[in-house]
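Asks: Please see the structure below; I have some questions.
Here, each number is a calculation from the coordinates, and none is a lab measurement. Just so it is clear, the structure is predicted and the values come from calculations on it, not from any experiment. Cβ: placed from backbone, ideal geometry, glycine included. Neighbour counts: every protein chain shown.
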Amino acid sequence: MRLRLLLCAVCCGLVSAERYKPDWKSLDARPLPKWYDEAKFGLFVHWGVFSVPAFGSEWFWWYWQGALEPAYIAFMLKNYPPGFTYAEFAPQFNAQFFQPDAWAEVFEASGAKYVVFTTKHHEGFTNWGSPTSWNWNSVDNGPHRDLVGELGTAIRNRSLHYGLYHSLYEWFNPLYLKDKASGFKTQEFVYRKTLPELMDLVKRYKPDLIWSDGDWEAPDTYWNSTEFLAWLYNDSPVKDVIVVNDRWGNGTYCKHGGYYNCADKYTPSTMPKHKWEKCNSIDRISWGYRRNMKLSDLMDVPTIIKDLVFTVAYGGNYLLNIGPTSDGMIPTIFEEHLRGVGAWLKVNGEAIYATTPWRVPTENATVPVWYTSKGSTVYAIFHTKPTQYSFVLSSPVTSDTTVVTLLGSTEPLKWAPLHSSGLIMLLPELPFSTAGAWAIKLTGVA
Ligand SMILES: *[C@@H]1O[C@H](CO)[C@@H](O)[C@H](O)[C@H]1NC(C)=O
Ligand SMILES: *[C@@H]1O[C@H](CO)[C@@H](O)[C@H](O)[C@H]1NC(C)=O
Ligand SMILES: *[C@@H]1O[C@H](CO)[C@@H](O)[C@H](O)[C@H]1NC(C)=O
Ligand SMILES: *[C@@H]1O[C@H](CO)[C@@H](O)[C@H](O)[C@H]1NC(C)=O
């Protein structure tokens, strides 16, 4: 009798521990699947009807007809016939040169371990054949292709994780506007559009990650976010691998969900307590492709590497964005930058992937360095070429077994401990690096 009671208590305990309740307390307690933290580096791809005007930013429609920005109104007056509507851009989203494996090859060469693709931005156009997006989807209109499916197949074929960006709201959807006019007391848009599409995406494409966005106008209770996440974590086909971000309703970001994005391009100044991700765009001004982009608007490779290293040293993942053209090409300057990041990671990736932040994230020694670690191995990454060969690190505590090397070379470096902590070493001639960054590996340090 007592044994049976005990067994029941154990089993029931296990069952209830495994099921998540549709409230933040329960959902927030779910451990993040391990693959995500180990991946460290992902790519973000913004592609949609906004890639056709390719002017200003992916918020084109909103700036033109929502915010009534003069520059956008003038652009339309000058270049399009009177009465031209945003919907008329969709047939020109032709994706005629889109070769999913050619993209996936570039993504793999960048060293990224996951790719997050816009399935639907705030304009509402779905990059897959959504049954609830009549004629405003990439199968019935524009490319006449299942972009989400084709890209997913190519990305997985190269062993990268596949993430889906999804905007909860749609600027001009009449159902959404009706709910908004009710003060979000009605949820017609959520029941007829948002939730069916989210479930469709999950069931069809079995994503590893959902990057939710467009949440801020309404509370999470309007979006039924906790109910959706409870289904996702308990019963969906991806319940064991799925990772989500934190944009699930006004006020949830930096507070609830899986990992935290907080604001776009979030740059903390102290070590965050929760797993986070910095998303940033090579084109500083836009996430979507812009034909009026200038070289000086772009981050260069050393800037990207510096941002990646800072992010990883502070425990984050780095999600780097590119915008392809409407005909399906990755602009060559983006491709060059991605390959440049990948070339650096090929040599120095062990200082990035699957590392954990070290007790000291950064210090100014001979030059500024950022630290990462794996057990008793510590990596010191720097972006400034020192002017002399003797090089000091102040924080590592060495031992008799300490070995110091420069990543990319197997030759151990000569070093000597300094009085309390730290060491001085003799650097070799640093190899040329277009990325402008080098990493020193120290084993057997504390
Ligand atoms: C899968 O990846 C390999 C390279 O790893 C490539 O040669 C092949 O074309 C890809 N197949 C598809 C269907 O993308
Ligand atoms: C969002 O939440 C904040 C408080 O967290 C509130 O001040 C603001 O009015 C809300 N905005 C909307 C659009 O609901
Ligand atoms: C949405 O949330 C409400 C309130 O919790 C719940 O009654 C309803 O069943 C939910 N609907 C869906 C489709 O999850
Ligand atoms: C290193 O020096 C820079 C430039 O003076 C400064 O901004 C930064 O805070 C310093 N870092 C540390 C860890 O002291």
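Asks: Please list, in chain and number order, the residues 5+ apart from residue 279 or on another chain whose amide H is under 5 Å from its amide H, with Hs placed from the backbone.
Replies: 265, 266, 319
Asks: Taking only the alpha-carbon atoms of region 60-201, what semi-axes of the equivalent ellipsoid follow from 5 times the gyration tensor eigenvalues under a square root, in whole Å, largest first? Before the final figure, lay out each step's value.
Replies: Details: eigenvalues 163, 93, 39 Å².
Semi-axes, largest first: 29, 22, 14 Å.
Asks: Using the C-alpha gyration tensor of region 64-104, what are the square roots of 5 times its eigenvalues, in whole angstrom, with the largest one first? List each step's numbers first, then the result.
Replies: Values: eigenvalues 168, 31, 16 Å².
Values for region 64-104, descending: 29, 13, 9 Å.
Asks: Using amide H atoms built 1.01 Å from N in the peptide plane, name the residues 5+ places from residue 126, or on other chains, whose amide H lies under 5 Å from its own.
Replies: Sorted by chain and number, the residues that satisfy this are 137, 138.
Asks: Quick one: Karplus J couplings for region 253-270, per residue in order, coefficients 6.51, -1.76, 1.60, θ = phi - 60°, nearest Hz, x for Gly and Pro?
Replies: 5, 6, 9, 9, x, x, 7, 9, 8, 6, 7, 3, 6, 3, 9, x, 9, 10
Asks: Suppose every Lys and Arg Cβ carries +1 and every Asp and Glu Cβ carries -1, with no other charges. What dipole size does region 254-404 come out with about its Cα centre, to the nearest 20 debye? All intermediate terms of the calculation are to be shown ahead of the outcome.
Replies: Values: 15 positive and 12 negative charges, 62 e Å.
Value, rounded to 20: 300 debye.
Asks: Could you state the number of Å between the C-alpha centres of region 405-446 and region 278-340?
Replies: Answer, in whole Å: 29.
Asks: Work out from phi, with θ = phi - 60° and the Karplus expression 6.51 cos²θ - 1.76 cosθ + 1.60, the ³J(HN,Hα) of each residue of region 109-115, listed in order in whole Hz, and give x for Gly and Pro.
Replies: With the stated coefficients, region 109-115 comes to 5, 6, x, 5, 10, 8, 10 Hz.
Asks: I need the semi-axes of the equivalent ellipsoid of region 356-443: take the C-alpha gyration tensor, multiply each eigenvalue by 5, square-root it, list largest first in whole angstrom.
Replies: On the way: eigenvalues 65, 43, 35 Å².
Equivalent ellipsoid of region 356-443: 18, 15, 13 Å, largest first.
Asks: Here's a follow-up. Over the chain, consider all pairs of different Cα atoms and compute the Kirkwood hydrodynamic radius from their mean reciprocal separation; express it in Å, one decimal. Write down the numbers at each step before the final one.
Replies: Details: mean 1/r = 0.0421 Å⁻¹.
When all Cα pairs of the chain are included, the Kirkwood radius is 23.7 Å.
Asks: Only Lys, Arg, Asp and Glu count, each charged at its Cβ (+1, +1, -1, -1), so figure out the dipole size of region 21-350 about its Cα centre, rounded to 20 debye.
Replies: Numbers: 33 positive and 38 negative charges, 90 e Å.
It works out to roughly 440 debye.
Asks: Apply the a/c threshold of 1.5 to the C-alpha gyration tensor of region 175-268 and tell me whether it is rounded, prolate or oblate.
Replies: Numbers: a/c = 2.10, a/b = 1.15, b/c = 1.84.
It is oblate, given that a/c is not under 1.5 and a/b is not larger than b/c.
Asks: In the chain, what percentage of the DSSP-assigned beta bridges are antiparallel, given to the nearest 5?
Replies: Antiparallel bridges: around 50 percent, rounded to the nearest 5.
Asks: What is the local net charge at residue 307, summed over the other residues whose Cβ is closer than 13 Å to its Cβ (Lys, Arg +1; Asp, Glu -1)? Don't skip to the answer; put the middle values down first.
Replies: On the way: positive: 40, 265, 278, 284, 306; negative: 277, 300.
Charge balance near residue 307 sits at +3.
Asks: Sticking with this one: Before anything else, pin down the relative contact order of the chain: Cα pairs under 8 Å, at least 6 apart, normalised by residue count, whole percent.
Replies: On the way: 862 pairs, mean separation 74.5, N = 446.
Reported relative contact order: 17 percent.
Asks: Same structure again: What ranking, highest mean first, results for peptides 274-284, 430-440 when packing means the other Cβ atoms within 10 Å averaged over each residue? Numbers along the way, then the final one.
Replies: On the way: 274-284: 20.2, 430-440: 17.9.
In decreasing order of mean packing, 274-284, 430-440 become 274-284, 430-440.
Asks: Which Cα, out of 423, 320, 242, lies furthest along the positive dipole direction of the chain (beta carbon charges, K/R +1, D/E -1)?
Replies: 423
Asks: With runs of 4+ DSSP H residues as the only contributors, calculate the mean residue ellipticity of the chain at 222 nm using -39,500 (n - 2.57) per run, divided by the residue total and rounded to the nearest 500. Present the calculation step by step, with values, prior to reporting the outcome.
Replies: Working: 12 runs with 122 residues, N = 446.
Computed mean residue ellipticity for the chain: -8000 deg cm²/dmol.
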